[in-house]
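Quick notes on the structure that follows.
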Amino acid sequence: MAILEMTPDAEASPDLVGPVIRAGNLAEAVIEAVALDNPGSDVLVLDRDDYVRVHTLGTCRLTQASLQACLGQPCRLAELEIDMPSFRGRLKTRDDEYLWFYNQRGAGTPGDQR
Amino acid sequence: MPLNRDDWYDTSRDLEWTLSYVDPEVAFPTRWSGAQGIPAEAWQAWDEPFRVSYRDYVRIQREKEAGVKAVSNALLRSATYEKLDPAHVAASQLHMGTTCLVEHMAVTMQSRFCRFAPTPRWRNLGVFGMLDETRHTQLDMRFAHNLLRHDQRFDWTQKAFHTNEWGVLAVKNFFDDVMLNADCVEAALATSLTVEHGFTNIQFVALAADAMAAGDINWSNLLFSIQTDEARHAQQGFPTLAVLMEHDPERAQKALDVAFWRSTRLFQNLTGPAMDYYTPLDQRKMSFKEFMLEWIVNHHERVLEDYGLKKPWYWDDFLHSLENGHHAMHIGTWFWRPTLFWRPNAGVSKDERAWLNEKYPTWEENWGVLWDEIIRNVNDGSMEQTLPETLPSLCNLTQLPLGSAASRHDLAPHQLVYRGRLYHFDHAVSKWCFEQDPERYAGHQNIVDRFIDGQILPPDLTGGLAYMGITPEVMGEDVYDYAWAKDYAGTESD
Ligand SMILES: [Fe+2]
Ligand SMILES: [Fe+2]
């Protein structure tokens, strides 16, 4: 699956989950790592110059191994926090894996702005 | 080989002892824990999404601090501040004055989690939250202290909450309720979830992006760094919400609906004008409404719905207010500019107006005509017509001006009598919030109540300004000295 630029319509899609990272090297590495860790999903990227949304549909996995590989240097997942001012969806954090998810796919209608 | 955090985490977070000398209700009074009606075992299900160990915390916070300090030290030696647009500077002064001491109030709230939260897991995390909020207060103070030599309005970073300035009172009133006076469960719903998971993103991420575009690297960097803490400690709210959805979902829905409306109104005051009027036009990323749809509707509300909550019952009113409320707050604050400690930008030059009309199709009809009147008076030299002589009537819930929640076409009285006193509201939803817990709000006097009560002397604008602590050096004035009105000179007098 591909890394795609997020359209405004896609941004309103109710099932998106994943981190918001400050623009820079780390954000680039996170995009690639999320692509590696979620082989069945498109990675939707929204670049607002200062911050970057890195989202997938339903669940978004990020492993320490992939992040290190994409960053090209040792790095612990906990350090993600330094440049992560927000994230979308529920979160589960373990030493070697972060997982963003929803329990109910298709719940809510955030795109419905009436 | 050292253990990984996950190997010992479950043991350490359940560190608890069985009370034998005191009754649990004495050690953890429901008044502060907020656990009323929820069985003690229910909290065993409390499972934090964002795990933190003290060792990681210290290491990571140290790095965040080093990053903020490096940027701020580098900029101190350059002349970046002098190059900033004065209207943008007003946005940072508004932020510092209304936010710094809220960070300090949040220290107290987090320390209440540390002491009174109904599970040791939550009490553990409260420690990190408390340290976070101490850091935020100190970062704001440090930032403002460095800028005092440029403008003493930065003194209001610390001073504002020790005055009776009306906008500050509105902010303080809300956070007194949801931080200082709230039990742990309520604080989790109103502050951790609604404010920290929702609305602070609008100020600390979205407005930070505007600030970066405006060249204010120092402030943008500080806001961003603060929000990385907020994103983590806001997560204390979700396991609390999960427990409530099992045992008392109605309470959760109601508390969130009240907090969501009050936050909406507050951020229409804090962030709306800064984004749509103070940020220089060519540096605006998106409109306040667009940022609200991204962060509050698509990002924040969706997660709540995953827990089984419904959108607030007044959703249509919320969307209507989103088109209007901050425009009302903006024209109101600009008109009452002597009551501000920052210099507001009118932001209605012809180019800016075209942008507003593109972003808000009803802007011209709802707000343009009012600005036209102001513009005519400015260009005719009738400045006294553009300035207030009295104070506006205020809402007994939000403390914001009556009529400022929607447009001039929506004006209607919203009142009720409670225990013999007449209360006024800026919107039917504000009245509904009051009705959910009248004792909480009934005793408070807004500025106008105090005025009528004879507490503000002399009983005119001068007395009001003295009461609010507004001094000539900080008193708000149009930041561009009305230069924007020249756009219309000779053309608008139809
Ligand atoms: Fe904070
Ligand atoms: Fe906070």
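The values are calculated or read from the model by the stated rules, or taken from the named source; none is laboratory data. The structure displayed is predicted, hence computed values, not measured ones. Cβ sites come from the backbone with ideal geometry, for glycine too, and all protein chains shown count toward neighbours. To get the accessible areas, we keep the full protein, side chains included, count just its heavy atoms, and leave off ligands, DNA and RNA. Shrake-Rupley method; radii C 1.70, N 1.55, O 1.52, S 1.80 Å.
In table form, for the structure just shown:
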read-out	value
Along chain B, longest interval not containing exposed GluC sites (Glu not before Pro), exposed being DSSP loop plus at most 16 other Cβ atoms within 10 Å	B:17-388
Drop in accessible area of at least 30 Å² in the complex versus isolated chain, residues of region A:26-73, 1.4 Å probe	A:Arg48, A:Asp50, A:Tyr51, A:Arg53
Between B and A, accessible area buried - total, square angstrom, nearest 100, 1.4 angstrom probe	4000 Å²
Rough spin-label spacing in nm, given labels placed 7 Å along Cα→Cβ, for B:Glu358 and B:Arg419	5.3 nm
Equivalent ellipsoid semi-axes, region B:237-374, via Cα gyration tensor eigenvalues times 5, rooted, Å	34, 15, 13
Residues of region B:255-301 buried by at least 50 Å² on assembly (accessible area, 1.4 Å probe, chain alone as reference)	B:Lys285, B:Glu294, B:Asn298, B:His299
Computed helical MRE - 222 nm, chain A, DSSP H runs ≥ 4 contributing -39500 (n - 2.57), nearest 500	-6000 deg cm²/dmol
Distance violations [Cα-Cα > 22 Å] among B:Lys289/B:Lys311; B:Lys285/B:Lys359; B:Lys254/B:Lys431; B:Lys285/B:Lys310; A:Lys92/B:Lys69	B:Lys285/B:Lys310; A:Lys92/B:Lys69
Average Cα contact separation per residue, chain B, under 8 Å, 6 or more apart, as relative contact order %	17 percent
Rg/Rh (Cα only; Kirkwood hydrodynamic radius) as it applies to the protein assembly as shown	0.96
Fraction of beta bridges assigned by DSSP in chain A that are antiparallel (%, nearest 5)	90 percent
Compactness of region B:145-290 as Cα Rg over 2.2 N^0.38 Å, two decimals	1.15
Residue-count net charge about B:Trp363 - beta-carbon cut-off 10 Å; Lys, Arg +1, Asp, Glu -1	-3
Rounded percent of accessible protein surface that carbon and sulfur make up, chain A, 1.4 Å probe	48 percent
D (Stokes-Einstein, µm²/s), Kirkwood Cα radius, chain A, 0.692 mPa s at 37 °C	233 µm²/s
Accessible area (Å², per residue) of the protein assembly as shown, counting only protein heavy atoms and a probe of 1.4 Å	39 Å²
Förster radius 25 Å - calculated FRET efficiency between B:Trp313 and B:Ala45 (Cβ-Cβ, nearest 0.05)	0.35
FRET efficiency for B:Met245 and A:Asn25, using Cβ-Cβ distance with R0 set to 35 Å, rounded to 0.05	0.30
Solvent-accessible area, 1.4 Å probe, carbon plus sulfur percent, for chain B	54 percent
Solvent-free Debye scattering, log10 I(q)/I(0), computed from the Cα coordinates of chain B at q = 0.13 Å⁻¹	-1.31
Residue-averaged [θ]222 nm for chain B, counting only DSSP H segments that reach four residues, each worth -39500 (n - 2.57)	-16000 deg cm²/dmol
Computed FRET value (nearest 0.05) for B:Glu389 with B:His444, which takes r as the C-beta separation and R₀ as 25 Å	0.45
Virtual spin-label span in nm between B:Asp410 and B:Ala74, 7 Å along Cα→Cβ	4.4 nm
Amide H partners (placed H, <5 Å) of A:Arg94, local residues excluded	A:Leu99
Expected-Rg normalisation [2.2 N^0.38 Å, Cα atoms] applied to region B:55-114	1.52
23 Å Cα-Cα reach of B:Lys486 towards lysines, excluding residues that sit fewer than 8 places from it in its own chain	B:Lys350
Separation in nanometres of the label points that stand 7 Å from Cα toward Cβ, at B:Val22 and A:Leu36	5.1 nm
Shielded residues, region B:197-236 - accessible-area loss of 20 Å² or more between chain alone and all protein chains, probe 1.4 Å	B:Val205, B:Ala209, B:Met212, B:Asn221, B:Phe224, B:Thr228, B:Ala231, B:Gln235
Cβ-defined net charge surrounding A:Asn38, 14 Å radius [Lys, Arg +1; Asp, Glu -1]	-4
